Each structure stands twice: as C-alpha cells, then as structure tokens.
1. Which residues, taken from the range 147-171, are in contact with a strand residue (DSSP E or B) (Cβ under 6 Å, 6 or more places away or on another chain) and either on the phi > 0 side of the Ramachandran plot or more than 11 Å from ligand 1 (Cβ to nearest atom) (or both)?
2. Being more than 14 Å from ligand 1 (Cβ to nearest atom) and touching a residue at least 40 places away in the same chain (Cβ under 8 Å) is the filter; apply it to the range 194-208 and report the residue that is farthest from residue 253 (Cα to Cα).
3. Is it the case that some residue within the range 134-143 is closer than 20 Å to residue 364 by Cα, within 16 Å of ligand 2 (Cβ to nearest atom) and assigned to a helix (DSSP H, G or I)?
4. Could you list, in sequence order, the residues of the range 411-441 that are in a loop (DSSP other than H, G, I, E, B), under 20 Å from residue 246 (Cβ atoms) and away from ligand 1 (no atom under 14 Å from the Cβ)?
5. Are any of the residues in the range 230-249 modelled with pLDDT under 95, outside the structural domain of residue 437 (by TED's automatic domain parsing), over 28 Å from residue 185 (Cβ atoms) and not in a strand (DSSP E or B)?
6. Within the range 1-10, can you find the residues that are farther than 18 Å from residue 70 by Cβ and either modelled with pLDDT of 95 or more or surrounded by 19 or more Cβ atoms within 10 Å (Cβ to Cβ) (or both)?
7. Condition first: closer than 23 Å to residue 154 by Cα, within 10 Å of ligand 2 (Cβ to nearest atom) and in a loop (DSSP other than H, G, I, E, B). Now tell me which residues in the range 173-204 satisfy that.
Ligand SMILES: Nc1ncnc2c1ncn2[C@@H]1O[C@H](COP(=O)(O)OP(=O)(O)OP(=O)(O)O)[C@@H](O)[C@H]1O
Ligand SMILES: [Mg+2]
C-alpha cells in the first residue's frame, strides 16, 4: 500500500514543523508549503490524499485555495487549520467542501482521531464508487442496456446459449433489441471470430431472395456476369442472422428447411453442391403461432428454428430501464452532435415513464435524438419530446390492434408524403419493417 500523502499549507513555520513532525511520526508522507500559491503549484504535479490548510495566510486566503483545490481534485480531503477567532470561517469552509477543521494549537489525540475518520471516509467513498460502477456494468451486456429483471434474464440466457451453438429464435415487438441480442450471441460464441451475416428477409424482394441466399453461377441469368457467393456461403464458420423470418415466402420456407436439415445447397445455375457450416439465429416481430394457424408459416420450419426461444420484453413492461436508456442515448447523441445538453429533467423523465412506447427502444432512441437536436438548453424538457402529442387522439374501441396499426401507418405516411425514411423514424420502426407492414396491410398510395 502506498503511504498516505499529506500536504500542510501554513505561513507559520512553527505550525508546519510541529504538525509535520506528528504526522511523520505516525507514518504519513508529509510535504509542506508556506503559501496558497505554492500549494497549488505542488498540487498540479502530485496527488495528495489530505491537505491541511491554514485559513489566514498572506496572499491567497485559505478559502480561495480550498475552492481551487476542490476544483482540481474533488477527491482530496481538506482540513482547515484555524484559531478560535475564525471558527465561523472554518464552518463556511466546510460548506464549501472542507472535511473538517483543526483548532490551533492542535491536540495530537484529536489529530489522530481526525485522520482515522478521513481514511475510513475515503474507503467508504471508494467502495460506493466501486459498487456504482459495478451496478452500471451489471446493467449492460455488450451494447444492450437494462437493469430490469426481464433484461437481466435476457443477459443470462445469452451467456448460457451463446457457447452452445444452438439455433435461436428471437421474437418480440419492433425496436425491442432483437438485432442486438443476435449480435451479442454471436460475439459470445466460439464463432465470434467468424462472420456475422445478416439476411433481412423483409427487405429482399422475393424474386431476389434465392440468389441472395445461395449465390449464383456466372451466366445463370442475364445479369449474372460473375459468379457470386450467397449469404449462406459467406456465413461459413460464423453466424447467419435471418431477420424478420416471418416475411419469407412459403416457397423459400421449404428451401430453407431443407438447407437447415442437410446444410447443402446449390448456387443458382450451379450443379456443384456447396456445403457451409454456420449457426442460425432468426428473429421475428410477428406472432409465428398465428402465422402457422393461418398457414402462412410452416410448422416444421418453426420447430427447426425455435430450438432456443428468446422473447424480448416490450419497453412498457420494463419501464425501470427507461431512465438508464434515455441517459445512455443522451450521452451518445450529445457527444456525436457536440451539444451542451447533459441531463433530462425530472418532468421529462416522468413523461417518458407514463408513455407506452409502441416502437419500444428504437422509438425512445429517436425521441432522445430529436430532443438533443431541437432542445435549446442544457437539459431535455417535456416539450422537447415528441411523445406527449403522439398519444393517439382518436381511440377507437371497436378496432383490432392490427386495424389501429394500419390506420396509424396510413396517417403517418400521408402526413409525410410517403417519405418512407421519415415515416419509419416517426413510427419508431426500421424502414424494412415499414415496407413489410405496407405489404402486409396492402397499403397503397
Ligand atoms: N437494450 C437496449 N440497449 C441499448 N440500445 C437498445 C436496446 N434495445 C434496442 N436498442 C436500440 O434500439 C434500436 C432498435 O434495436 P433493434 O434493431 O435491435 O430492434 P429490433 O427488435 O431488431 O427491431 P425490429 O423488429 O424493428 O427490427 C437500435 O438502435 C438499438 O441499438
Ligand atoms: Mg431488427
């Protein structure tokens, strides 16, 4: 253990020497300074644990020195040295952050007690800092943040499942972090050095799906000028992430099922069987059980994929994560945009806690990003958030959720002249999710 470093600042030589002698005898490393100015110069190069600081000195006063010391190193503990006549100043100093004061002439027993108190106080603050730090680390897993019980369960499931190589099906509403979970599983598996290949099944048009997945041979069709590897081949040795699996066609479902069973496929126009070895993670924001009942999703494929099931909890069911997430996004966007905004007001947090977040974490992320950009001050206020007005004005009690969703999408699209990117942002969903919803609900311009 390093010796505790103490700095004594007093313009009286006799005080520096007598106090210094006592402290050295008790084993502390003592340095002395005869003025505030020289003390501050010393503090620039050395980290002291405790500073004894005379209140009345020539030049800078003890109070001025105290302020500067605390500014440059808030963790150093300062003890004011004072005579009976200036106890009121000493008390003022304690309001400004001094730990305590020591009366002149000092009593060696009281000095020993005082130092012990400082040391145990410092140990306590260190421990608290450590615990806070641990709590923060505990509340995150890779880029996933969450201290709520449902998110902690997700973290521990990722830890358990990642190394097994099992096929995983992640389900959950839009914006709940399915993509991040897939990535975290890959990162914590023994294939983390291998590729992580994403296939966004909702975004690839049906007629391109085959060549995207399997690749094609040169000359297989008019545009096939070169042989091209498909995503399955590219995923060799790594993880294949089939996002929005609920969107693939019945025909592709058959192909996929076969490939998941024997892991052999052909490039489009090819005759040579290609083998690829990859782990499959799939995600969906659809209710696949419902899709199976409607015969839009094959039950056998579902069982193939659903070896390990992750259900991502919607944000409204873990509202205790909202302040943490909001703060995380605030720091991130403030840094990216160089804004001075650094906090979220109590009222804005309250507002966020009341809101239901249909677009989940993505909607929260977008709301904070917008607030950082439009906000004027250093703090985010309720009127900076797009949510208070977003609460649906016309609640139709006789409509199904799907009907309401369709109506809302139509409203946002026409409000924004069918600008897909902007509409998707407002709705708090991916562009590809918006496309697939437009397709599913057969919405037309
Ligand atoms: N727990 C979380 N901590 C931090 N960021 C999160 C968390 N969950 C989601 N996000 C962020 O929210 C956004 C949406 O996450 P993601 O794309 O993983 O959701 P999703 O469930 O895949 O949504 P969709 O079904 O619309 O594709 C991303 O920007 C992601 O970084
Ligand atoms: Mg996603």
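The values are calculated or read from the model by the stated rules, or taken from the named source; none is laboratory data. Since the model is a prediction, treat every value here as computed from it, not as a measurement. Neighbour counts are summed over all protein chains in view; Cβ atoms, including those assigned to glycine, are modelled from backbone coordinates with ideal geometry.
1. Of everything in the range 147-171, those that are in contact with a strand residue (DSSP E or B) (Cβ under 6 Å, 6 or more places away or on another chain) and either on the phi > 0 side of the Ramachandran plot or more than 11 Å from ligand 1 (Cβ to nearest atom) (or both) turn out to be 161, 165, 166, 167, 168, 169.
2. By that ranking, first place goes to 194.
3. no
4. Selection gives 441 alone.
5. no
6. Matches in the range 1-10: 10 only.
7. 174, 175, 176, 177
For every residue, the table says whether it meets (1) closer than 17 Å to residue 358 by Cα; (2) assigned by TED's automatic domain parsing to the domain that holds residue 356; (3) modelled with pLDDT of 85 or more.
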site: 381; (1), (2), (3): no, yes, yes
site: 385; (1), (2), (3): yes, yes, yes
site: 400; (1), (2), (3): yes, no, no
site: 405; (1), (2), (3): yes, no, yes
site: 416; (1), (2), (3): no, no, no
site: 427; (1), (2), (3): yes, no, yes
